[in-house]
Amino acid sequence: MAHEEILRRPSYGPHSRVVGERGARTRGNILDVALRQFCERSFFDVPVDDLAKAAGVSRATLYQYFESKDEIFAELLSECGAMLLRLISRLGPLGPTVRGFDNLHWWLGEWAWVYDRYASVFAQWDHIETSDTSFRPLVTGFVDAYAGRISERLTAAGFAGIDRADTAAALLLVVHRVNYLRHTGRTSGLSNEELLAGLAVVLQLVLFPDTPPEVLASQGARPAPAPASWSDPPPHPPPARPDRFAGLGERARRTVRLLLDAAARTFGARGFAGSNLDTVASDAGVARATLYRYFDDKIDVLTALAEQARDEVVATAVEFASIARGDPHDGARLRRWLHHLVAISRRHAGVLRVWVERQPDDPRVQALGEEVTRSVRAAVAAALTSVQREYPLNLHAAALVLIALLERVPVGIAQQSRDVHEAEIVETMAAFIERGLLNGEPAARLQPPAAAAS
């Protein structure tokens with residue numbers, strides 16, 4: 001009875017008058033331990049008993065300070081969100097000047113520091129947003145507030161040319177994803193300083209495309225030769241592959257299409273880990289037994305979807321490389337391509353998340369993701385080397401920024417609380433690419449006639 005009474009007491013919140021100095025230390029220790037535990041595993045894989053044991057307290061004591069594991073994670077979310085909001089309040093004036101660029105560079109560096117401090121929280125935002133927990137409103141509220149603060153700073157800086165709110169949201173998503181790539185070691189040897197310097201140059205040009213080259217060089221950014229792998233040929237159309245459902249009749253093939261469409265929607269909305277085949281079958285309007293006629297298990301369904309995604313994304317990468325090799329400033333063609341990319345990103349959001357986060361680590365699924373990665377990198381290389389620039393830019397860093405844009409923005413902007421039309425997403429991405437990544441003269445135009453002919 002006494003044990004249950006302890007569990008039912010109101011928890012000591014962060015500003016409780018009852019908790020005292022010793023209790024505050026205990027509460028802070030629980031938060032620090034939770035941050036480490038969520039980094040080593042994940043929010044969903046850490047039981048409350050493990051948190052209590054690692055913090056050196058009993059389960060009952062932990063519940064004195066937090067009503068649940070959700071409350072612990074919510075406070076960590078609030079902590080890191082508050083730190084980022086304080087950062088933007090300290091951000092000096094932006095603009096196409098040395099001072100403005102220095103302020104932007106400082107902000108990105110401090111943002112990276114906060115990300116490293118709360119990496120386990122930031123890295124799980126996508127998991128949390130698609131879970132059945134109550135975190136989504138908290139995350140959405142923070143994203144809206146932060147994008148709103150960025151938009152206010154852009155207004156004060158005289159930013160013009162494209163929608164401020166959409167640009168602010170895209171900037172937030174890109175910086176978050178670049179930091180995720182940095183934290184997960186996917187920068188292929190690029191140092192943090194090189195990556196942040198390249199990110200700062202790209203974002204400065206997105207916000208102020210007429211920034212003079214000498215301003216962009218003022219923070220010590222240096223051009224770097226393209227990685228050796230960029231000399232590889234551009235991506236090729238995916239080869240014809242055996243159709244695993246070729247022997248089925250038209251009615252059965254229609255059922256398979258319904259099941260894969262339902263799986264794409266379910267995995268996209270709930271994430272792979274949070275989905276089950278009962279939901280997929282119900283969404284497709286068929287019995288669970290019918291699903292098992294065509295698929296062995298959930299991984300088999302994911303593999304079939306990943307095969308579809310691989311073929312569509314590789315074909316899209318080939319098209320992007322073709323745009324770059326033609327006229328990288330062909331705005332109409334770029335926007336048509338982006339409309340296609342947004343549609344693919346929405347359909348295959350669940351598979352793309354599996355590839356980015358490498359969970360589940362199934363060899364068949366991840367091998368398909370590696371094919372996609374090689375094709376996208378080749379297309380990005382073709383795009384970034386299609387122009388020559390008068391300002392310093394590390395092309396490897398720029399490639400990571402472009403990959404972050406293509407991976408995160410098509411779906412990320414649409415997840416905001418405000419309605420954003422596809423045309424707005426496309427225009428924002430196009431402006432990001434044209435102003436920040438292809439801000440230069442087409443390389444073919446700058447070559448001597450003999451070199452161009454050869």
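The values are calculated or read from the model by the stated rules, or taken from the named source; none is laboratory data. Computed from a predicted model, the values in this text were never measured in an experiment. Every residue, glycine as well, gets a Cβ built from its backbone with ideal geometry; the counts of neighbours run over all protein chains shown. Note: areas computed on protein heavy atoms with side chains; ligands, DNA, RNA excluded. Shrake-Rupley method; radii C 1.70, N 1.55, O 1.52, S 1.80 Å.
Scan segment 47-55 and tell me whether some residue there is outside any helix (DSSP H, G or I) and either touching a His at 6+ places or on another chain (Cβ under 9 Å) or at positive phi (or both). Checking segment 47-55: not a single residue is outside any helix (DSSP H, G or I) and either touching a His at 6+ places or on another chain (Cβ under 9 Å) or at positive phi (or both).
Every test in (1) in contact with a Phe, Trp or Tyr (Cβ under 7 Å, 6 or more places away or on another chain); (2) open to solvent by less than 40 Å² (accessible area, probe 1.4 Å) is passed by residue 178 save one, and that test is (1). Of the residues making up segment 185-192, one or more are crowded, with 16+ Cβ neighbours inside 10 Å and in contact (Cβ under 8 Å) with a residue 40 or more places away in the chain. If you check 219, 308 for being of a type in the set (S, T, N, Q) and at pLDDT 85 or above, only one passes: 308.
Taking first residues from segment 371-383 that are in contact (Cβ under 8 Å) with a residue 24 or more places away in the chain and partners that are open to solvent by 20 Å² or more (accessible area, probe 1.4 Å) and not in a helix (DSSP H, G or I), the Cβ contacts under 6 Å between residues at least 6 apart in sequence or on separate chains come to 378/234; 382/234.
From the list 289, 284, which one is of a type in the set (A, V, I, L, M, F, W, C) and open to solvent by 40 Å² or more (accessible area, probe 1.4 Å)?
289
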